[in-house]
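One structure is given below, encoded as structure tokens.
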Amino acid sequence: MAEAIKITTPLTDEQVEKLRVGDSVLITGVIYTGRDAAHKRLVELLAEGKPLPFDVKGQLIYYVGPSPARPGMPIGSAGPTTSYRMDPYAPALIRQGLKGMIGKGEMGAEVAQALQAHKAVYFAAVGGAAALIAKSILKSEVVAYEDLGAEAIQRLEVKNFPAIVAQDCHGGNIYREGRAKYEVK
Amino acid sequence: MREIHVDQVVKTVAELCIAANYELDEDVIESFRHFREKEESPTARAILDQLIENAAIAREGLFPMCQDTGFAVLFVEIGQEVHIVGGDLWEALNEGVRKGYGEGYLRKSIVADPLRRVNTKDNTPPVVWTEIVPGDKLTITVAPKGGGSENMSEVRMLRPADGVEGVKNFVVDRVSRSGGNPCPPVIVGVGIGGTFDKCAWLAKKALLRPIGQRHPDPFYADMEVELLERINRLGIGPQGLGGRTTALDVHVEVYPCHIASLPAAVNMQCHAARHKTAVI
């Protein structure tokens, strides 16, 4: 595999445009966590015309429900959760300027269209590689919805968080292309 | 009768919950290495490398190997010469899970009711399967089962006329439709025969067999090898990103069957193939 591309958040249109499916990346900077319940609330706020609890412009949201942190540690194990459950919510956030998501498994057609229309990118982290990923997370703090427990929105400071570009802003989709390439009929 | 105190059951279950989540068995890690050598996709190779490194980090004991530390599925073989004393076995199994998931900093993923969905906050209750066996031992296996792979599992009531090919096509099709969602490379547990419920249980129990260990009946051993080859031709690859390594193994378990029926079940196991056993 080619050398990993180092990227730092927040991301710009120009950075996103350079990323292609299959690229291996190491992400440094701030990323936000969020999964089903938190997304539902964010999208409800948008529908009501209210501000979000954090500015999503240029940011990445990581679909994760970590295991509990040991005392003195920033986080527990923190691998990605399945992304298609966020399909109904992701396009609305991308329209607000969100530059990408990190999860596992293919995302749907509306998400793919939003990635192209607004220059955003979907990264796959390795499902189950949760101990490895946790080592790249230096700090975590809850920024919203503490009542949701493991599903609260957290602000993570990460260094060299490993991921792979799975669906890019040019219509590329590694789930389709990768499988087609290695399928034996 | 040999007496076994419930306190010993609690302690054993707690230890097994923790060990299963932190220590991936060597047969699985060896299988990652084996398929990594054969893998043609550079992305797939990089993922398998991450899985090998992840298992090593988890073994250090600070982080479980996956954040989804699963539903605690317990297989309990009770020797018919065993007398449980000091309390209720079911309560002891629950307490063991509560203690293990608390002390091991494991994620609590169980909701008390499937529709009202309030978390029990201690990962209880477990799913418990008991079998009465000869002897005076209690054998407990804890197999934490993650939601992602469990969601891609299925029972199908085939017709006897569908036969061997019908079963094989069902298994391959189930894996194909699952794509990257169950966190491949997977281990595919297949149950054939019995009743609707027994067949699902067989598929789950099949996941406990070590990777590479074939069914003792050559007919089913051959079926396992053929299914593994067919599944690895699908191209899904690790995490669904493309490659030759979609499954690490296929394990088939069978049971006698009604003349009218041919139940078949597929239980998908992600690469975090966790299970630990203790004999009391």
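The values are calculated or read from the model by the stated rules, or taken from the named source; none is laboratory data. Computed from a predicted model, the values in this text were never measured in an experiment. We place every Cβ from the backbone using ideal geometry, glycine too, and count neighbours over all the protein chains shown. The accessibility values were calculated without ligands, DNA or RNA, using every heavy atom of the protein model including side chains. Shrake-Rupley method; radii C 1.70, N 1.55, O 1.52, S 1.80 Å.
With all protein chains present, calculate the accessible area of B:Glu77 using a 1.4 Å probe and round the result to the nearest 10 Å².
60
May I ask you to work out the translational diffusion coefficient for the protein assembly as shown at 25 °C, viscosity 0.890 mPa s, via Stokes-Einstein with Rh from the Kirkwood sum over Cα pairs, reported in whole µm²/s?
107
Return one whole number: the accessible area per residue of the protein assembly as shown in Å², for a 1.4 Å probe.
Result: 41 Å² per residue.
Taking the Cα atoms of chain B, what is the range of coordinates along each of the three principal axes, in descending order and whole Å?
Taking max minus min along each principal axis of the Cα atoms, chain B gives 54, 50, 39 Å.
Compute the Cα gyration tensor for segment B:41-195, then decide on rounded, prolate or oblate, letting a ≥ b ≥ c be the square roots of its eigenvalues: rounded whenever a/c is under 1.5, prolate when a/b is larger than b/c in the other cases, and oblate in all that remain.
Oblate.
What 222 nm value per residue comes from the helices of chain B, counting each DSSP H run with n ≥ 4 as -39,500 (n - 2.57) and dividing by all residues, nearest 500 deg cm²/dmol?
One gets -12500 deg cm²/dmol as the mean residue ellipticity at 222 nm.
Unpartnered cysteines of chain B (Cβ-Cβ under 4.7 Å counts as a partner)?
B:Cys17, B:Cys66, B:Cys199, B:Cys257
Just give the residues from segment A:104-150 buried by at least 40 square angstrom of accessible area in the all-chains context relative to the isolated chain, probe 1.4 Å, and say none if nothing qualifies.
A:Lys104, A:Val126, A:Gly127, A:Gly128, A:Ala131, A:Leu132, A:Lys135
Relative contact order for segment B:68-202 using alpha-carbon pairs under 8 Å, separation at least 6, rounded to a whole percent?
Relative contact order of segment B:68-202: 31 percent.
Could you work out what % of the accessible surface of the protein assembly as shown is carbon and sulfur, using a 1.4 angstrom probe and leaving DNA, RNA and ligands out of the count?
Taking all protein chains in place, the protein assembly as shown shows 52 percent carbon and sulfur surface.
Could you tell me the relative contact order of chain A? Use alpha-carbon pairs under 8 Å, at least six residues apart, and round to a whole percent.
29
What are the residues of segment B:164-198 that lose 10 Å² or more of accessible area, with a 1.4 Å probe, going from their chain alone to all protein chains?
Those are B:Ser176, B:Gly180, B:Asn181, B:Cys183, which lose 10 Å² or more relative to the chain on its own.
Apply the Debye scattering formula to segment A:21-143, with a single equal point scatterer on each alpha-carbon and no solvent, then give log10 I(q)/I(0) at q = 0.11 Å⁻¹.
Summing over Cα pairs of segment A:21-143 leads to -0.36.
For chain A, what is the calculated [θ] at 222 nm in deg cm²/dmol (nearest 500), taking -39500 (n - 2.57) for each run of four or more DSSP H residues and dividing by its residue count?
Only helices count here, giving -7000 deg cm²/dmol.
For chain B, what is the relative contact order in percent, using Cα pairs closer than 8 Å and at least 6 residues apart in sequence?
Dividing the mean separation by the residue count of chain B yields 25 percent.
As a test of the definition: with a 1.4 Å probe, what buried accessible area, both sides summed, do you compute for B against A, in Å² to the nearest 100?
Chain pair B/A: roughly 3500 Å² of buried accessible area.
For peptide B:26-37, how many partner chain Cβ atoms fall within 10 Å of a residue's Cβ, on average?
That works out to 0 on average.
For the protein assembly as shown, what is the charge dipole size about the Cα centre, in debye to the nearest 20, if Lys and Arg each add +1 at the Cβ and Asp and Glu each add -1 at the Cβ?
Roughly 960 debye, rounded to the nearest 20.
Expressed as a whole percent, how much of the Cα-Cα distance distribution for segment B:160-280 exceeds 22 Å?
31
Just to check, using Stokes-Einstein with a Kirkwood Rh over alpha carbon pairs, what's the diffusion coefficient of segment B:107-195 at 4 °C and 1.567 mPa s in µm²/s?
Here the translational diffusion coefficient equals 79 µm²/s.
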